[in-house]
Ligand SMILES: NC(=O)c1ccc[n+]([C@@H]2O[C@H](COP(=O)([O-])OP(=O)(O)OC[C@H]3O[C@@H](n4cnc5c(N)ncnc54)[C@H](O)[C@@H]3O)[C@@H](O)[C@H]2O)c1
Ligand SMILES: O=P(O)(O)OC[C@@H](O)[C@@H](O)[C@H](O)[C@H](O)CO
């Protein structure tokens with residue numbers, strides 16, 4: 001295992017996957033932190049501990065490469081991770097494991113914080129970088145459930161749990177550029193916005209590329225309900241049309257019309273809710289489309305559509321903008337078509353897809369839509385989703401799936 005330099009500040013980052021290596025871990029290392037990547041993937045940990053560096057490839061016209069140094073891998077299921085969390089050199093804990101895994105990493109974080117308290121380790125900040133609203137506060141609740149009242153009182157005083165919005169498209173790496181298994185390809189754009197009102201003390205050393213805000217809700221909703229909403233609908237419609245990649249899906253005019261329509265509907269809702277400038281929001285949407293269309297990303301619709309039940313849950317990228325639009329009495333026709341397409345995402349390697357398709361086969365699409373979205377049968381919204389689902393199902397049958 002690689003070692004930090006004497007007194008080097010440390011960060012423990014859970015999840016050495018695409019965004020972990022391609023964005024958060026890379027930024028922390030560039031900013032002077034020794035990054036301990038905590039993961040469960042034994043092969044990945046072996047690679048992290050046998051390479052001194054890896055490359056982040058910017059997938060732009062003229063491809064550029066950044067080298068990442070100063071990291072190690074540690075098993076999130078072993079004692080070493082709590083020890084790192086307890087170390088006085090550790091200033092930050094970050095995560096990029098997926099929302100469903102937050103509960104699973106909470107015991108290791110709680111154990112590390114207990115040790116830290118006893119060792120007098122002091123102030124530390126936790127930032128979960130998952131695509132969901134209030135992700136770090138969700139992690140905080142899981143961590144608190146493993147601590148005593150006394151430990152929780154110390155935690156409230158010493159440990160910041162700050163929500164954030166994290167944005168950079170990082171597809172699964174391919175052999176086109178990956179010379180070693182840690183190399184990763186990313187788009188050039190990146191944005192990491194953190195709620196400064198929930199931090200304890202300054203982020204020290206400051207993380208280059210991290211923006212601090214006191215109005216995170218607007219940032220995260222704009223990102224999740226625009227970029228991720230459009231991304232998901234592109235992926236689900238792309239899947240229905242038998243296409244493999246996001247850029248291929250967007251090149252299809254029918255798909256593009258629905259994605260644009262959904263972002264228009266969701267955009268009108270966001271403009272009302274957050275008082276965004278409508279023209280500026282339109283520019284944001286155009287920028288998102290330009291990012292999706294980047295042919296160098298080779299981003300797979302199966303990655304972008306992964307875990308459809310999470311994406312169909314209340315407050316996530318599909319229902320979130322739909323509910324806000326309805327609150328303002330705005331149309332949701334294209335959003336409903338995007339939701340409908342999600343119910344046709346039949347990917348055998350995705351456990352949530354298997355569960356969803358199994359439930360549709362068991363109880364029928366009408367009941368499955370009501371169960372997963374909370375949109376009641378007989379409502380206008382439910383009728384729109386079912387109508388679109390039936391049309392897309394015919395389309396899917398015509399196209400034939402992979
Ligand atoms: N890839 C992107 O474009 C992107 C961009 C922004 C945000 N995100 C968010 O980041 C998170 C991770 O996405 P990703 O694309 O990097 O996924 P990924 O599958 O590439 O990485 C997840 C990593 O978490 C690890 N992991 C799983 N269980 C673990 C555990 N118990 N302890 C520690 N590590 C564990 C996995 O082994 C894997 O290395 C998700 O919430 C995603 O929404 C991704
Ligand atoms: O990571 P997910 O599964 O929540 O969503 C898939 C993609 O939309 C997502 O990873 C984007 O690439 C990312 O959010 C861009 O910032």
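Just so you know, all these numbers are worked out from the coordinates, no wet-lab data involved. Here the structure is a predicted model, which is why all the values come from computation and not from measurement. Here the Cβ positions follow ideal geometry from the backbone for every residue, glycine too, while neighbour counts run over all protein chains shown.
Determine whether segment 348-357 contains at least one residue that is buried (at least 17 other Cβ atoms within 10 Å of the Cβ), free of Cβ contacts under 8 Å to residues at least 40 places away in the same chain, out of contact with any strand residue (DSSP E or B) (no Cβ under 7 Å at 6 or more places or on another chain) and more than 24 Å from residue 268 (Cβ to Cβ).
Yes, segment 348-357 has at least one match.
Can you name the residue in segment 202-216 that is in contact with a helix residue (DSSP H, G or I) (Cβ under 9 Å, 6 or more places away or on another chain) and exposed (fewer than 13 other Cβ atoms within 10 Å of the Cβ) and, of all such residues, is farthest from residue 32 (Cα to Cα)?
Ranking the qualifying residues of segment 202-216, first place goes to 215.
Give the number of residues within segment 101-128 that are closer than 19 Å to residue 17 by Cα and in a strand (DSSP E or B).
Of the residues in segment 101-128, 3 are closer than 19 Å to residue 17 by Cα and in a strand (DSSP E or B).
To keep it simple, each residue is scored yes or no on (1) within 16 Å of ligand 2 (Cβ to nearest atom); (2) surrounded by fewer than 20 Cβ atoms within 10 Å (Cβ to Cβ).
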position	(1), (2)
67	no, yes
71	no, no
76	no, no
79	no, yes
85	no, no
89	no, yes
99	yes, yes
120	no, yes
125	no, no
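If I ask for residues that are surrounded by fewer than 22 Cβ atoms within 10 Å (Cβ to Cβ) and in contact (Cβ under 8 Å) with a residue 40 or more places away in the chain, which ones from segment 35-51 would you list? Show your work before the answer.
First, the residues of segment 35-51 that are surrounded by fewer than 22 Cβ atoms within 10 Å (Cβ to Cβ): 40-47, 49-51.
Selection gives 43, 44, 47, 49, 51.
Looking only at segment 101-112, which residues are more than 16 Å from ligand 2 (Cβ to nearest atom), crowded, with 17+ Cβ neighbours inside 10 Å and under 15 Å from residue 13 (Cα atoms)?
Passing the criteria: 105, 106, 108, 109, 110, 112.
Out of the residues in segment 196-216 meeting the condition of being assigned to a helix (DSSP H, G or I) and touching a residue at least 40 places away in the same chain (Cβ under 8 Å), tell me which one is nearest to residue 265 (Cα to Cα).
216
Quickly run through segment 298-314 and pick out the residues that are out of contact with any helix residue (DSSP H, G or I) (no Cβ under 7 Å at 6 or more places or on another chain) and within 11 Å of ligand 2 (Cβ to nearest atom).
The answer is 300, 302, 303, 306.
Considering only residues that are in a helix (DSSP H, G or I) and without any contact (Cβ under 8 Å) to a residue 40 or more places away in the chain, which ones fall in segment 52-91?
80, 82, 83, 86
Would you say residue 236 is surrounded by 16 or more Cβ atoms within 10 Å (Cβ to Cβ), farther than 29 Å from residue 62 by Cβ and out of contact with any strand residue (DSSP E or B) (no Cβ under 9 Å at 6 or more places or on another chain)?
yes
Across segment 1-36, which residue is farthest from ligand 2 (Cβ to nearest atom) among those that are in a strand (DSSP E or B) and closer than 17 Å to residue 129 by Cα?
36
Give me the pairs: first residue in segment 324-337 and in contact (Cβ under 8 Å) with a residue 40 or more places away in the chain, second residue surrounded by 15 or more Cβ atoms within 10 Å (Cβ to Cβ) and not in a helix (DSSP H, G or I), beta-carbon distance under 6 Å, and six or more apart or on different chains, which are they?
Correct list of pairs: 325/332.
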